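Written below as structure tokens is the structure these notes are about.
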Amino acid sequence: MAKTSTTTQGLRAAIERSGYYPALVAEAVEAAVGGEPMRSYLVHQETTFDQNEVRRHVTVLVLTDTRFIVSHTDEQAADSTSPTPYATTSTESVKIGRISSVVLSRVVANPESYKPGTLPREVVLTIGWGAVSRIDLEPAACGDPNCEADHGYTGNSTADDLSLRVSEAGDGPETVREALAFAQALSEATADTTR
């Protein structure tokens, strides 16, 4: 039980450090987790530029013994639907057995002199569980430049429900380490066929 308390306190501290509406984010995450012990977590705060606006958002990933929980919070400026700025937070709870893929891409500098254990410059964690699928279609063609026949369509179907990029330059080396640790914990959890 002490480990759960420490993990809960660590998650709360990481949410506080992000500085992004910590009371709102923590409440949403804690409600989704409920009383279940946490095995691992990752808090990623990101700033993006949308035309002339700066937007912030935070994603919190939590791994329990039975579930993978994703919480995402965005802020919005005042607009025609709301005279004041507002935030939207959502959580999704996925059974571990539903996770179909955990992809971890690592970017390393000077690969010819890479030493095991060296921290990558950045990592991209992509997780799929079948909630979102994207289909990219384009007209099919043949090799004959004078052909006017309809060859139907060709395309790709991609399932990537969540993709999260963490870089040493933008997020710091500790966040890269945390992303690697979370990816390993999630990958190990999906390999356990008893879940």
Would you mind working out the accessible area per residue for the chain, using a 1.4 Å probe, and quoting it in Å²? 61
Taking the Cα atoms of the chain, report the difference between the largest and smallest coordinate on each principal axis, in whole Å and largest first. 72, 52, 39
Helix 2-18 versus the longest principal axis of the chain: what is the Cα-based angle in degrees, 0 to 90, to the nearest 10? 60
Carbon and sulfur %, accessible surface of the chain computed with the full protein complex present, 1.4 Å: 49
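Can you give me the relative contact order of the chain as a percent, contacts being Cα pairs under 8 Å and 6 or more apart?
Relative contact order here is 16 percent.
The values are calculated or read from the model by the stated rules, or taken from the named source; none is laboratory data. Only a predicted model underlies this, so the values are computations on that prediction, with no experimental measurement involved. The area values use the complete protein model at the heavy-atom level, side chains included, leaving out ligands, DNA and RNA. Shrake-Rupley method; radii C 1.70, N 1.55, O 1.52, S 1.80 Å.
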